[in-house]
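The values are calculated or read from the model by the stated rules, or taken from the named source; none is laboratory data. All of these numbers come straight from a predicted model, not from anything done at the bench. With ideal geometry, Cβ positions are generated from the backbone for all residues, glycine too; neighbour counts draw on all protein chains shown.
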Amino acid sequence: MRRVLAINNYLSEDRFDRLKASLTSKGVRVTVAGPRDCSATKFNGYDGVVLSGSPDMLSEQRIQEKYAVEIEAIRGTNVPLLGICFGLQLIGCAFGSKVVKNGPMIKEYVDTQVLRPDPLFSGLPSTIRVFESHEEVVKPLPENFVLLAKSPSSPIAAVRHSSLPIRGLQFHPERNNSAAPHGDAVVANFVKGLR
């Protein structure tokens, strides 16, 4: 059974449980760690790593300092890594981009345009309906990353590193329902791609 390390950036179980359940339902064994319990060595001991969302704002320097250990671990990993919302923003910080305010809080299902093929979107249409919950975004696209998807509220909705197995989503694939099922397929596709 493949093993996934899930980093709980919410620092509470209730907001994290949906992500953990989504991963577990795909047949992986999930180990949970906090943002200060991260290192590239730890990450590399798993088949994959998932970075959760968070209510924290990475546009603030003190918040970046709070997550400095996790940001450093992201830079050094060589296993498939998926950053979700705040997790994508951590990836942006790790690779020299900025996190900036993006206007009012977005908290809704949005139509997101897939711009180029990627295993994360295998079997999905060119427009997917996924859940966004954020008020900050990565800007600009980090160096050596490819833009995979965009939405009206997220110009950088999904990315992948050009040579490392690192991907990030500004949306929450673990938040899905029968009217907006695409996020569940994204999680399944991530799990399929684990070594």
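Could you grab me the full set of residues in the stretch 18-31 that are closer than 19 Å to L88 by Cα and either among the acidic types (D, E) or surrounded by 16 or more Cβ atoms within 10 Å (Cβ to Cβ) (or both)? If you could, list the steps in order and put the result at the bottom.
Pass one, the stretch 18-31, residues closer than 19 Å to L88 by Cα: 18-20, 22-23.
Across the stretch 18-31, the qualifying residues are L19, K20, S22, L23.
Scanning the stretch 170-187 for residues that are touching a Ser or Thr at 6+ places or on another chain (Cβ under 9 Å) and among the aliphatic types (A, V, I, L, M), we see that the one that is surrounded by the fewest Cβ atoms within 10 Å (Cβ to Cβ) is A185. Screening the candidates G87, G96, G83 for the property of being in a loop (DSSP other than H, G, I, E, B) and either surrounded by 14 or more Cβ atoms within 10 Å (Cβ to Cβ) or modelled with pLDDT of 95 or more (or both) yields one hit, G96. Taking the criterion of being within 16 Å of I84 (Cβ to Cβ) and among the polar types (S, T, N, Q), the residues of the stretch 169-195 that qualify are Q170, N176, N189. Considering the stretch 126-168, and only residues there that are under 14 Å from G87 (Cβ atoms) and of a type in the set (D, E, K, R), the residue that is surrounded by the fewest Cβ atoms within 10 Å (Cβ to Cβ) turns out to be R160. Kindly evaluate A149 against the criterion of being in a strand (DSSP E or B) and under 15 Å from S97 (Cα atoms). No: the conditions fail for A149.
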